[in-house]
Amino acid sequence: MAGLLRRALDALYLLAGALAALALFGIFAVMMAQMLLRQLAIPLPGADDVVAYLCVACAFLALAWTFKRGELIRVGLLIERLPPGARRWLEFAVLSLAAVLVASILRHTWADAMFSREIEEVAQGTVPFLLWIPKLAMPLGAGVLLLAILDEWVAVLRGRKPGYVAAAEERAARGDFSAEV
């Protein structure tokens, strides 16, 4: 059962990262289409709005995947100098705080998207997009990040090294210090 849950969670993080990459490609595609159509004097209505929505989707959907890979910015000046026992409890406390904060973000972004749906809010640009649809990227990304944080929280509670620390150590062992810059 634990192996199935592990594979499901890892697949969810990968799917969120893949959707973020797809949003990034969407930004590229819309901007290229806009540039090419501009040469033909053909406007692309709503392009700026779509790019903005895709930017938000890209940022939020990538959070869990980058967190699990140890790619998010993390200040370890204090925690890396602590003995293992104290480090474990500080990791646990920080992950607990992160879970509370991300849960709050999830709650508020979900409420905002549902309120937009309820009042049938539309974009003020040239194309009246229903705003609740692109707004869903925020609670979806925050929800997957919350799962990733709780996943690491359980690992630390069980006395294991967090995955983001192990990933950073593996990169350092390969001589890859790109995330440290």
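Every number in this text was worked out from the coordinates using simple rules, so none of it is lab data. On a predicted model such as this, the values are computed, not experimentally measured, just so you know. No Cβ is skipped: glycine too gets one built from the backbone with ideal geometry, and neighbour counts run over all protein chains shown.
Distance between the 7 Å Cα→Cβ label points at residue 107 and residue 129: 2.8 nm. Counting only Cβ charges, +1 for Lys and Arg and -1 for Asp and Glu, the dipole size of the range 81-135 around its Cα centre is about 500 debye. Inverting the pair-averaged 1/r between distinct Cα atoms of the chain gives 18.5 Å as its Kirkwood hydrodynamic radius.
Note on the range 85-160: Rg/Rh from Cα positions, Kirkwood definition for Rh, rounded to two decimals, is 1.22.
Report, in degrees rounded to the nearest 10, the 0 to 90 angle that the Cα long axis of helix 47-61 makes with the longest principal axis of the chain. The angle comes out at about 10 degrees.
Scoring 141-149, 111-119, 160-168 by mean Cβ neighbours within 10 Å over their residues and listing the highest first yields 141-149, 160-168, 111-119.
For the pair residue 35 and residue 97, a Förster radius of 45 Å applied to the C-beta separation gives a FRET efficiency near 0.55, rounded to the nearest 0.05.
Comparing 100, 78, 113 along the charge dipole axis of the chain, the residue lying farthest to the positive side is 78, per the Cβ-charge model. Compared with the dominant principal axis of the Cα atoms in the chain, helix 2-39 is inclined by about 30°. Between residue 72 and residue 8, residue separation times 0.36 nm minus the direct Cα-Cα distance comes to 20.8 nm. Once both axes come from the Cα atoms, what is the angle between helix 84-118 and the longest principal axis of the chain, in degrees from 0 to 90, rounded to 10? Roughly 20 degrees between the two axes. Near residue 151: Cβ cut-off under 14 Å, other residues only, Lys/Arg at +1 and Asp/Glu at -1. The net charge is +4.
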